[in-house]
Amino acid sequence: MFKDSLRAWIEVQKFPRHSNDVFSFVLGSVLAWYNAGQFHWGVFAAGLAAVFFMANGIYLTNEYQDYESDRANRERIGGEKRGMGLDTTGGTRVLVNGRLNRRHVYIAGMVFFALCVPLGLLIQFGFKTGPWTIPLGVLGLFFTYGYSNPPFKASYRGMGELFMMLGYAALVFTAYYLQAGAAWFPLIICLPRILSVPALKLLRNIPDATADASAGKRTLVVMIGKARAGRVYILLVIASIFAFIPAVAVTRSFFVLLNILPVYYLASSAFYINRGRWNDPVQLAKSCRSGFKGLLLIPVTLTLTFLLSAVTGC
C-alpha cells in the first residue's frame, strides 16, 4: 500500500518534465556567465530550488483542476490506462484512477507554491540580487498559479499557451537577472525556447479537445478548431527554428551545430502534422513525441553551445 502510494506521488509530480523548467533556468544562468562574466553558486542553487517548487506547484494543482477533463478524456494519446510519457496527453491519470486523494494533491501543490516565498526573500535580501528579484518571483507565481487555478484559469480561457510563453520568457530572464542584472540578451537567445513552448502545448491539446470542451475547458484548440491549431503549430515551429539565428550570430562557434538536434525533432514533428495528419492518431502521437524531444533539447543544446564556446574559446 505504501509503495503504491509513493509511486503515485512520484508520478503525479511529473519529474521528467521538470527538465523543462530546470534546464531553462540553467540556460539563463549560463548566459549571464557568458555575456557578463557573472555567476554565483548560492544564488543559482536557491533559484533552482525555487523553480523546482514553483513547477511542482503547478503540476500538482493543474492535475487537480483538470480532473473532470481528464476523466472524460477517451481520445488522449496513450489510452485511458497508460500514465505519463513523452507522447501522452491528458494528465498522469493518477487522480482519475483514484490512486491519490484529490484534495491532498491540491494542498501539496499549494505548499510548494508557499515554499517559494522564503527562497525569494533569501535570494533578494540574503544574496542582494537586486530590487526586481521579488517582483520577478511574484510574476513567476502569477504565471504558474494562474495557468489553471482560479480566479485566472488561463488554460480554461484560451490563454494557456500565452501564459506558458510569457512564463518561460520570465523564467530565463529571471535566471539571468539574478546573476547579472536586467538585459535583453537572454530573451533574444532563448527565442527558440519561448516560441516552441506554446507550440507544443497547442499540439498536445489537439487530442484532448473533445474532453476539454465537454468539461468546460476552453483551450485555444477548442476555440479555433483542430485544423487551424495544426497550422498555427507549424508556423510556430518554423519561427522557433529560425529563432536559432541569434545564437549562431553571437557565438560563431562550431558548437552551435549541436542545435541541429532539436531542429531536427521539431521539423519532424511539424512534418507529421502537415497535410491534415493531425487527424491521424498514429501520426499525431509521432508528432507529439518528436516535438517534445525537440522542446526538451533546446535549453540543453543552447546551454552547451554557450558553455563550451566560453570554456574553449572556440
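Considering (1) more than 28 Å from Ala247 (Cβ to Cβ); (2) surrounded by 18 or more Cβ atoms within 10 Å (Cβ to Cβ), the lone condition that Phe2 does not fulfil carries the number (2). Listed conditions (1) over 20 Å from the mean Cα position of the chain (by Cα); (2) part of a helix (DSSP H, G or I); (3) among the small types (Gly, Ala, Ser) are all met by Gly98, apart from (2). Contact map, the stretch 93-108: first residue without any contact (Cβ under 8 Å) to a residue 12 or more places away in the chain and of a type in the set (A, V, I, L, M, F, W, C), second residue surrounded by 18 or more Cβ atoms within 10 Å (Cβ to Cβ) and in a helix (DSSP H, G or I), Cβ cut-off under 9 Å, separation 6 or more or different chains; pairs are Ile107/Leu60. Beta carbons closer than 8 Å, at least 6 apart along the sequence or on distinct chains, pair a first residue in the stretch 199-217 that is on the phi > 0 side of the Ramachandran plot with a second that is surrounded by 21 or more Cβ atoms within 10 Å (Cβ to Cβ) for Gly216/Tyr156.
Does the stretch 299-314 hold any residues that are in contact (Cβ under 8 Å) with a residue 60 or more places away in the chain and of a type outside the set (Phe, Trp, Tyr), and which are they?
The answer is Pro299, Val300, Leu302, Thr303, Leu307, Ser309, Ala310, Cys314.
Here Lys226, Lys286 are screened, and the one residue that is within 25 Å of Ser148 (Cα to Cα), touching a residue at least 12 places away in the same chain (Cβ under 8 Å), of a type in the set (Lys, Arg) and surrounded by 16 or more Cβ atoms within 10 Å (Cβ to Cβ) is Lys226. All of Ile273, Ile241 fail the test of being farther than 17 Å from Leu191 by Cβ and either part of a helix (DSSP H, G or I) or not polar (S, T, N, Q) (or both), apart from Ile273. One residue alone among Leu236, Leu200 is closer than 19 Å to Arg157 by Cα and buried (at least 22 other Cβ atoms within 10 Å of the Cβ), and that residue is Leu200.
Just so you know, all these numbers are worked out from the coordinates, no wet-lab data involved. What you see is a predicted model; the values in this text were computed from it and never measured. Methodologically, a virtual Cβ is constructed for each residue, glycine included, from the backbone with ideal geometry; neighbour enumeration extends over all protein chains shown.
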